[in-house]
Amino acid sequence: MLELIGVSKRYGEVEALAGCTFQVRPGRLTGFVGPNGAGKTTAMRAVLGLVTPDEGDVRWRGHPVTPTDRRRFGYMPEERGLYPRMRVLDQLVFLGRLSGLSAAAAAREATRWLDALGLADRASSRLDDLSHGNQQRVQLAAALVHAPDLLVLDEPFSGLDPLAMDAMSGLLGDIAHGGAGVLFSSHQLDIIEHLCEDLVVIDSGRVVLTGDLDAIRDAAPVRYLEITVARDPERLLHLTDATVVVHDGNRVRLRVARTVDPVTLLAGVGGDVVRLAYEPPALSELFHAAVAGPVPTTREVSGVAR
Amino acid sequence: MLRAEDREGWRRTWIVALREICERGGSRAYRISTVLGVILVVAIVLVPSLLDKSTTYRVGMSGAVPGGTVTALAEQARAVNHDLEVTHYPSVADGERAVRDKKIDVLLVDGTRLEWRTKSDSTLTAAIANAVQVVHIRDQADRLGISSDKLAQLLVPVSLTSRTLGAAHTADKDANTVGFVAVGLMYLAISFYAGSVLTGVVQEKANRVAEVLLARMPAREILAGKVVGIGVVGLIQLAAIGVAAVTTAAFIGGADAPSISGDVLAWTCLWFVLGYLFYSVLYAALGATTSRIEDAQAAITPITGLMLLSYFGVIYAEENPDAVVTILLSYFPPTAPVVMTYRLAVHAVPGWQMMTAATCMVIAMWGLIRLAGRIYSGALLRFGGRVPLRDLVRTRE
């Protein structure tokens, strides 16, 4: 497990990280979200040792992370970076060897990843002769070539078409379920919601929400009840303890407190319900609530805390 | 015994160096520049000797030529290392036409008058004058009854060599030429290969490869690997060009090619390596503070100034080879590679002075590498305009 404990970093007047605390568990996908400039990239760089925190600890498997530990991390920076005129396979072998693989092992792993990512026929092409999407795949292969224990990806989905996004999602899932910890940032909350088991929300250098994504949603104080009836939707508009959010023809969306039992609430509604949904708020709502708060404080969610 | 982590560090440094060697050494630009360099240097050595027609005196003669003049002239020509080609013309007009058509260098009329096309050649004039004089003496000697054996002993031509002293003592002209050529080459080679390190560093930063590398290894290992790799590539290229030059000079039997002793060559190579290391590390550190190659050129301007200082140092050293300033400039690390190269080529530099200069350089490098490593690692992840150096020296990154 990777832990950041009270990590702070200041660049002159800018406080990039202010006591940032969260964790990345092995075998799980952790989504890392926050507004631009919230500190995501700085936090990731602190994990990789590219930034030395002014305060706080980065711990790996219970001890302060060492350069040797970091050699078992894989990293894909937001700004993609590879040598444009170097051949794809040579590039991956080079990076694999720098991560500690022997020349033979690096060649074997690089070839294996190129196969897995559908780039086997481009192995001897120069990087800048590849399409944008294929260059992204090579970048991912560069992060994976040494089979890292922890994978840190800064915006892996940016610039991908829908098919490539699906492929990337599947791949990240496979890697996490193979036992590695995966931390990735994204502005696409729907991807995080569908893909991730864990969530970290950061704002102004502070973690404002973190934990198991389902638990976070379950812990939200409100629920949404969406009901479509065959006729007379008006009877749904004046229920006690429920606020109407949407009224669209025969469909009504209500917000209720978590403590309100939907079965009791709907007891007198009658037998013409066509559709019914009862769900916690979507990630986007939780995110907006978390980053809009005037005084951000970390909320630990029970069942997920250390 | 190295610790495992240190061994890994050296291994990574070498992998980075190896990438530079393979990628640069295998590039078309490198092969072309090596071939061009070889062609250029062969041409520089070869062309003057091809163009140099003055090794043969072409002398025309008409009218009454005293017997023995041709033989005497041949002896004179041999004494100044020239061949002789003599053509006899039936009339003065024929001879003069040959002079105008550049078929001969000079026409000797009646053994007493020289006719040139535009201007006279003082060496050839002297040779002919001597030959004519010898023939005249021989005739007189005959009349006076001196035997030809005795006369021959009296008349053996003396070979004269010349040497230009210059304003100061000991520097001979040949050595000075070698010195300036060596200084020019040293200056070019250091600027060129250190410049390659500069562009390499800026490109890596602009391509954002730097971040991918930094996630795998400390900045000082990247810096060291780059400098070593480009240095090896440069040395191979220089060696190819050097071998081509020496082979060509040997092939044309360069009586004119100045000879260089082995230890001077070895010291010169060492100073190239030291100078290259010094400047490439400086360039790399300053290059890392910029994100674009245009800015990088501005960033290294102060260093270019230091390089120029060494050039002025050489000009000063030519006039004042033993001045304290000259000796200090050959110790001062930024100017030492170039100034010492000049001193080595022109004078015998005492061994202890070489050692002192090399020691100063190594000490300076030790400090410089630490400072440069700090600047390099601090600056690599900061994009946009120039990163202020003051921030980087202080930073803990």
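Computed from the coordinates by the stated procedures, all read-outs in this text should not be read as laboratory data. Keep in mind that what you see is a predicted model, and the values were worked out from it rather than measured. Using ideal geometry, Cβ is built from the backbone for each residue, glycine included, and neighbour counts are taken over all protein chains shown.
On the basis of the beta-carbon distance and an R0 of 25 Å, B:Val232 and B:Asp295 show a calculated FRET efficiency of 0.35. Taken along the Cα-to-beta-carbon direction at a fixed 7 Å, the label points for A:Arg59 and B:Ala206 span 4.5 nm.
May I ask you to compute the full-extension gain from B:Thr71 to B:Ala4, defined as 0.36 nm times their residue separation minus their alpha-carbon distance, rounded to one decimal in nm? Fully extending the segment from B:Thr71 to B:Ala4 adds 16.0 nm. Residue by residue, segment A:244-256 carries 3J(HN,Hα) couplings of 7, 9, 9, 10, 9, x, 8, 9, 10, 10, 10, 9, 10 Hz when phi is fed to the Karplus relation 6.51 cos²θ - 1.76 cosθ + 1.60 (θ = phi - 60°); x denotes Gly or Pro.
Peptides B:370-378, A:81-89, B:349-357 ranked from most to least packed give B:370-378, A:81-89, B:349-357, packing being the mean of other C-beta atoms within 10 angstrom over each peptide's residues. Comparing mean-square fluctuations of A:Arg61, A:Arg275, A:Arg80 from a GNM of chain A with C-alpha springs under 10 Å, the top value falls on A:Arg275. The phi torsions of segment A:200-208, fed into the Karplus equation with coefficients 6.51, -1.76 and 1.60 and a -60° offset, translate into couplings of 10, 10, 10, 8, 6, x, 10, 7, 9 Hz, rounded to whole numbers, with Gly and Pro shown as x. Could you give me D for segment A:82-226, from Stokes-Einstein at 4 °C and 1.567 mPa s, where the hydrodynamic radius is the Kirkwood radius over C-alpha pairs? Units µm² s⁻¹, please. Roughly 77 µm²/s, to the nearest whole number. Of the Cα atoms belonging to segment B:233-350, the radius of gyration and Dmax stand at 16.9, 52 Å. Counting only the Cα atoms, segment B:66-115 fills a convex hull of 80 Å³ per residue. Computed over segment B:188-297, the quotient of the alpha carbon radius of gyration and 2.2 N^0.38 Å is 1.34. Taking amide hydrogens as placed 1.01 Å from N in the peptide plane, the amide H of B:Leu84 sits under 5 Å from those of B:Tyr57, each at least 5 positions away in sequence or on another chain.
Each of B:Asp149 and B:Leu40 was given a label point 7 Å from its Cα along the Cα-to-Cβ line. The distance between the two points is 6.2 nm.
Counting neighbouring beta carbons within 10 Å and listing from fewest to most, the residues A:His238, A:His177 come out as A:His238, A:His177. From least to most packed, judged by other beta carbons within 10 angstrom and beginning with the fewest, A:Arg71, B:Arg7, A:Arg59 follow the order B:Arg7, A:Arg59, A:Arg71. Taking segment A:203-227 and a reference point 7 angstrom along Cα→Cβ of A:His177, the backbone N atoms nearer than 19 Å belong to A:213-214. Across peptide B:3-14, the mean count of Cβ atoms from other chains lying within 10 Å of each residue's own Cβ comes to 2. Spacing of the modelled spin labels on B:Phe312 and B:Arg11, each 7 Å from Cα toward Cβ, amounts to 5.0 nm. Between segment B:12-40 and segment A:121-162, what is the separation of their alpha carbon centroids in Å? Spelled out, the Cα-based centre of one part sits 27 Å from the other. Shielding by partners for peptide B:198-208, expressed as the average number of C-beta atoms from other protein chains within 10 Å of each residue's C-beta, is 2. What the phi angles of segment B:198-206 give under the Karplus curve with 6.51, -1.76 and 1.60, with θ = phi - 60°, is a coupling list of 4, 5, x, 5, 5, 5, 4, 6, 5 Hz, glycine and proline written as x. Estimated from helices alone, the mean residue ellipticity of the protein assembly as shown at 222 nm is -17000 deg cm²/dmol (sum of -39500 (n - 2.57) over DSSP H runs with n ≥ 4, per residue).
Once both axes come from the Cα atoms, what is the angle between helix B:301-319 and the longest principal axis of chain B, in degrees from 0 to 90, rounded to 10? Relative to chain B, helix B:301-319 is tipped by roughly 30 degrees. Computed over the Cα atoms of segment A:1-59, the ratio of the radius of gyration to the Kirkwood radius (Rg/Rh) comes to 0.96. Extension gain for A:Ser125 to A:Arg231 (0.36 nm times residue separation, less C-alpha to C-alpha distance): 31.8 nm.
Using the number of other C-beta atoms within 10 angstrom as an exposure proxy, rank B:Val281, A:Val260, B:Val47, A:Val7 with the fewest first.
Working: B:Val281 23, A:Val260 18, B:Val47 10, A:Val7 27.
Placing the least packed residue first, the sequence is B:Val47, A:Val260, B:Val281, A:Val7.
Fraction of C-alpha pairs exceeding 51 angstrom in the protein assembly as shown: 41 percent, rounded to a whole number.
Over all directions, what mean area does the Cα convex hull of segment A:123-203 project, stated in square nanometres?
Working: hull surface 24.3 nm².
Orientation-averaged projected area of the Cα hull: 6.1 nm².
If R0 is 56 Å, what FRET efficiency do you get for B:Leu328 and B:Gln140 from their C-beta distance, rounded to 0.05?
It comes to 0.30.
What number, in nm² with one decimal, is the all-direction average of the projected area of the convex hull of the alpha-carbon atoms of segment A:25-157? Intermediate results must be reported in sequence, preceding the final value.
Values: hull surface 35.3 nm².
If I average the Cα hull's projected area over directions, I get 8.8 nm².
A Gaussian network model of chain A, with springs between Cα atoms under 10 Å, assigns the largest mean-square fluctuation among A:Asp241, A:Asp115, A:Asp174 to A:Asp241.
With N set to the number of residues, divide the alpha-carbon radius of gyration of chain A by 2.2 N^0.38 Å and report two decimals.
On the way: Rg = 23.0 Å, N = 306, 2.2 N^0.38 = 19.4 Å.
Cα Rg divided by the expected 2.2 N^0.38 Å: 1.19.
In this structure the amide hydrogen of A:Asp203, modeled in the peptide plane, comes within under 5 Å of the amide hydrogens of A:Val208, none closer than 5 places in sequence on its chain.
Once the gyration tensor of the Cα atoms in chain B is diagonalised, the equivalent ellipsoid follows with semi-axes of 62, 22, 18 Å, ordered largest first. Once the mean of 1/r is taken over each pair of separate Cα atoms and inverted, segment B:1-140 shows a Kirkwood hydrodynamic radius of 19.7 Å.
Remind me, what semi-axes does segment A:183-281 give for its equivalent ellipsoid, largest first in whole Å, using sqrt of 5 times each Cα gyration tensor eigenvalue? Intermediate results must be reported in sequence, preceding the final value.
Values: eigenvalues 215, 39, 27 Å².
Semi-axes from the Cα gyration tensor: 33, 14, 12 Å.
Fully extended, how many nm does the chain gain between B:Lys102 and B:Ala239 (0.36 nm per residue separation, minus their Cα-Cα distance)? Before the final figure, lay out each step's value.
On the way: separation 137, 0.36 × 137 = 49.32 nm, distance 4.23 nm.
Full extension from B:Lys102 to B:Ala239 adds 45.1 nm.
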